[in-house]
Amino acid sequence: MVNGILDYLWLVPALPLLGVVLNGAIALFAERPFLLADSHGGHGASSHGPSAHGTSPSSSVAHSGSHHEAPAYRKLVAFIAPAVVGAAFVVALLCVLSLASRPADGRTFVQILFPWIQAGSLLVPAALQLDPLSSVMALVVTGVGFLIHVYSVGYMSHERAFARYFVCLNLFMFAMLTLVLANNYLLMFVGWEGVGLCSYLLIGFWYEKQSASDAGKKAFVANRIGDFGVLLAMFLVFWTFGSLTYTEVFARVPLLRESGVLTTGLATAITLLLFLGATGKSAQIPLYVWLPDAMEGPTPVSALIHAATMVTAGIYMVARSSALFLLAPDTMMVVAVIGAVTAIFSATIGICQTDIKRVLAYSTVSQLGYMFLACGVGAFTAAIFHLMTHAFFKALLFLGSGSVIHALSGEQDMRKMGGLRKYIPITYWTMFIATFAISGFPLLSGFFSKDEILWQAFSSSHGSPVLWAVAALAAGITAFYMFRLVFLTFYGESRMEPEVEKHVHESPWTMTLPLSILAVLSVIGGWVGIPAVVGDFFGIPNYFEHWLAPVFHPVAAAGAHGAAAAGAHGASAAVHHPAALEMGLMALSVAIALCGIGLAYFLYRVRTGKPAEIAKRWPTLYDIVYHKYYIDEFYEWAVIRRVVNVSTGLWQMFDALFIDGIVNGAAGLVRAAGDRVRRLQGGVVGGYAFSLLAGAVLLVGYILYRSVVQ
Amino acid sequence: MIDPSAYLLLSAILFGIGVVGVVARKNVLIILMSVELMLNGVNVAFVAAGSYLGDAAGGVFAFMVMTVAAAEAAVGLALLIALYRLKETIDITELKVLKW
């Protein structure tokens, strides 16, 4: 069978890796000597401090003028980094088109690159798998990734460590594509760890700033807890299935289920451990705390890694393992409840935040909660759909906030913004669209995906009206705090510092172009997955569900084409719930979202004094929410201090006393022995001669003795 | 074929005198001479054994030892002179700087 372009699938992760190598060489051999020479020079001290970097590159505009001319390597880096990702996108797109031309049940392409691990019965190839699920992920990652790379060229243009930034960004693309394209859990885990590393490197990109390097460490440690779960889950998967390859594992599920090896308890254990990993990577309760702090990184990084792609890896993994999750109803319930609780919990935190990026960070946590809610009620298609639309509008929101921060020379506090609408119109309009999209305004992308989740939370056999109510309320809060952000930032009187206001400027085209493209995607991105209840009316099929049907409904898809599979799925839901109910709930959720928008308008446009009044009336409540429910403090008290105490105890008792005791004891023993033995060195030459003689006599005597005895 | 025991006895006596000289005497010059005595004691044994076994290797070894002894004497005496210039003594018990 001729695979055509699919044989070049390996290029998709390999191209960003090429970028890493090229940019890495530039960073190492061109940029590093340059920066080192510079920091030893006259203006090194003033330009290298963290305060000069600030949280935005534009804050370093002032001093970059006094530097030498921008070195030529920067232009090369600015070309290579986006180019390799763009090329990867083109290859991925061609591969997916080629895959789409196949029949629905043949849309799984595996490319084995080389045998990787062969130990006993453990056979793990380094192999890539392109199927409908990974193709959606690959396109989102490379597509949004490309736009953010282009944006970064503009955003980071004043940054000194330009090449280092793009090395990390390209490395992230490589790791993320390895994650989504791997055909087995172990290779996925390599990508999983790789993105974690890049996340750490990029959060702590301005490592001279204490808070940034702390945030990097926090992200890394929180993820490590989750990774522990993934590792254990992989051991269990191998122990149960004898393989780590997706296709083999899922193919063996029915057989092992029948023979009783794969008990529900075992499936629950595997899936719960996988979900633990997902809560770490995708920032869910209880491990979500690292994501808001991750905003210390450059804003394009927040957009790419901490909103659009990496944090969705947990969703992808759960969706990928849907065959296992469906066997464990307890896990499904846990996933759904954690998702719903996270969605509403972090949404409420978002209400009171004043840092523009932190609002978006909590919003991301909340939206990821939605996706897990969808996974938990068995609506994996809806989860991936929301993942995609969220990647569009949340990346846009983050890039837009980056553009605002860029315009305001590094200001992130929304209390010091306001009235920016007329200064930076492109940023304003694109963010405005994204805000409508995330609020679930009808016909925009977020509407379709969010509504699909809400409907599934209500109607699915795993769902319940309670989950729907929580999720719908969270949607209303989302609409509220997102419009609060827009109103505070772009409307009303300017509250900017006079110094800042003078420099307000629209961003360069490398930044506004990605914004515009993402704005278009935020509008139309949802149209590929119009739910049947609306789509049937206009005769538009739900392309997205048909596309993913072979992955999530393999049995049905094998019997007929995707359309029938989706139809059967839709029918099973429709048997119990009439279309009118779905339409009604849809209208209700839109009404809730509009209420949120209206409330935001009322509080932040009409009665602008009201929010402070409310905060004053319930000071305790406001204080708790403002301080993010004191979760960080609670973790500090409940976990971190205990771990530190135990570690200190182990260090003092075990390490300092026991381990060091053995080492020092051995050394002391040798020392004491040497102290005795050195007395033999008396300085009397005759004595040495005598001991020589005595030794010789003993030796000869021994040899004679041996020969006599024999 | 001559019985070699007499030669070997002579060899042992020479060697023994040499050993006692090396261990017991204080004068470095005497000690060097005693070393020569030990070497020549060994030479007697070599030659006797070579002759007894009809093997020329014994004689060859004796010449070898003589050569080495000559070299050793040259170096040893040179050291002795250097020592005397430094310390103005050739009493070996005076040389005890190198100790614990």
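The values are calculated or read from the model by the stated rules, or taken from the named source; none is laboratory data. Predicted model, so just to flag it, every value in this text is computed and none were measured. Every residue, glycine among them, receives a Cβ derived from its backbone with ideal geometry; neighbour counts consider all protein chains shown. Remember, those area values only see protein heavy atoms, side chains included, never the ligands or the DNA or RNA. Shrake-Rupley method; radii C 1.70, N 1.55, O 1.52, S 1.80 Å.
Close amide H contacts of residue A:460 (hydrogens built in the peptide plane, cut-off under 5 Å, sequence separation of 5 or more or a different chain): none are found. Per the Debye formula on identical point scatterers at the alpha carbon atoms of chain B, with no solvent, log10 I(q)/I(0) at q = 0.18, 0.21 Å⁻¹ is -0.86, -1.02. Note on segment A:1-40: Cα-only Rg and Dmax are 17.4, 61 Å. Under 17 Å of direct C-alpha separation, and excluding same-chain neighbours fewer than eight residues apart, residue A:75 reaches these aspartates and glutamates: A:31, A:159. Our coupling estimate for segment A:518-533, obtained by passing each phi through the Karplus curve with A = 6.51, B = -1.76, C = 1.60 and θ = phi - 60°, is 5, 5, 4, 5, 5, 7, 8, x, x, 6, 7, x, 5, x, 4, 5 Hz, Gly and Pro reported as x.
Put simply, segment A:288-425 fits an ellipsoid with semi-axes of 31, 14, 11 Å; these come from the alpha carbon gyration tensor as the roots of five times its eigenvalues, largest first.
Among the listed pairs A:209/A:502; B:26/B:96; A:281/A:450; A:416/A:502; B:26/B:87; A:209/A:628, give every one whose C-alpha distance is greater than 18 Å. Those over the limit are A:209/A:502; A:281/A:450; A:209/A:628. Peptide packing: for A:693-705, A:534-546, the average count of neighbouring Cβ atoms within 10 Å per residue gives the ranking A:534-546, A:693-705, highest mean first. Projecting the Cα atoms of A:279, A:546, A:427 onto the charge dipole of chain A, computed from C-beta unit charges around the Cα centre, puts A:279 farthest toward the positive end.
What is the ratio of the Cα radius of gyration of segment A:114-156 to 2.2 N^0.38 Å, where N is its residue count, to two decimals? Taking the Cα Rg and dividing by 2.2 N^0.38 Å, one obtains 1.84. The aspartates and glutamates whose alpha-carbon is closer than 16 Å to the alpha-carbon of residue A:357, local same-chain residues fewer than 8 away aside, are A:293, A:296, A:411, A:413.
Amide H contacts of residue A:158 (H built 1.01 Å from N, in plane; Pro and chain starts excluded): no residue 5 or more places away or on another chain comes under 5 Å.
Take every Cα-Cα pair in segment A:186-279 and report what % of them are more than 24 Å apart. For segment A:186-279, the share of Cα pairs beyond 24 Å comes to 35 percent. Computed from Cα positions, the angle between helix A:660-677 and the longest principal axis of chain A comes to roughly 10 degrees.
Put simply, the convex hull of the Cα atoms in segment A:371-475 casts, on average, a shadow of 7.2 nm². Going from the chain on its own to the full set of protein chains, segment B:78-100 has these residues losing 40 Å² or more of accessible surface (heavy atoms, 1.4 Å probe, no ligands, DNA or RNA): B:92, B:100.
Karplus-derived 3J(HN,Hα) values for segment A:143-148, using 6.51 cos²θ - 1.76 cosθ + 1.60 with θ = phi - 60°, are x, 5, x, 4, 4, 6 Hz; glycine and proline are entered as x.
Computed over protein heavy atoms with a 1.4 Å probe, the accessible surface of chain A works out to 41 Å² per residue. Does segment A:573-666 come out rounded, prolate or oblate, given a ≥ b ≥ c as the square roots of the eigenvalues of its C-alpha gyration tensor, rounded meaning a/c under 1.5 and, failing that, prolate meaning a/b above b/c? Judged from the Cα gyration tensor, segment A:573-666 comes out oblate (a/c at least 1.5, b/c at or above a/b). Dimensions of segment A:225-288 from C-alpha coordinates, computed as largest minus smallest value along each principal axis and given longest first, are 38, 21, 15 Å. Taking the Cα centre of segment A:221-369 as reference, the dipole from Cβ charges on Lys and Arg (+1) and Asp and Glu (-1) amounts to some 100 debye. Charge dipole of the protein assembly as shown (Cα centre as origin; +1 on each Lys and Arg Cβ, -1 on each Asp and Glu Cβ, all else neutral): 1040 debye, rounded to the nearest 20. Consider all pairwise Cα distances in the protein assembly as shown and report the whole-number % of them above 42 Å. Every Cα pair in the protein assembly as shown considered, those over 42 Å come to 46 percent. Close amide-amide hydrogen proximity is noted between residue A:182 and A:129, each under 5 Å apart and 5 or more residues distant or on a separate chain (H modeled in the peptide plane; Pro and chain starts excluded). Each Cα pair of segment A:392-533 feeds into the Kirkwood radius, which the Stokes-Einstein equation turns, at 25 °C and 0.890 mPa s, into a diffusion coefficient of 153 µm²/s. Give the Debye-formula value of log10 I(q)/I(0) at each listed q (0.12, 0.20, 0.21, 0.24 Å⁻¹), with one equal scatterer per alpha carbon of segment A:136-214, two decimals each. Taken in order of the listed q values, log10 I(q)/I(0) reads -0.38, -0.92, -0.98, -1.13. Taking the chain by itself as reference, segment B:16-64 contains these residues with an accessible-area loss of 10 Å² or more in the full protein complex (1.4 Å probe, heavy atoms): B:19, B:22, B:23. Summary of the geometry: segment A:176-237 and segment B:1-74, compared by the centres of their Cα atoms, lie 79 Å apart. Out of all Cα-Cα pairs in segment A:85-235, roughly what percent, to the nearest whole number, are more than 19 Å apart? Summing the P(r) of segment A:85-235 above 19 Å gives 62 percent of all pairs.
Using θ = phi - 60° in the Karplus curve 6.51 cos²θ - 1.76 cosθ + 1.60, the 3J(HN,Hα) couplings for segment A:187-198 round to 5, 4, 5, 4, x, 4, 5, x, 5, x, 4, 5 Hz; x is entered for Gly and Pro. When only alpha carbons are used to place a centre, segment A:677-710 and segment A:449-485 end up 93 Å from one another.
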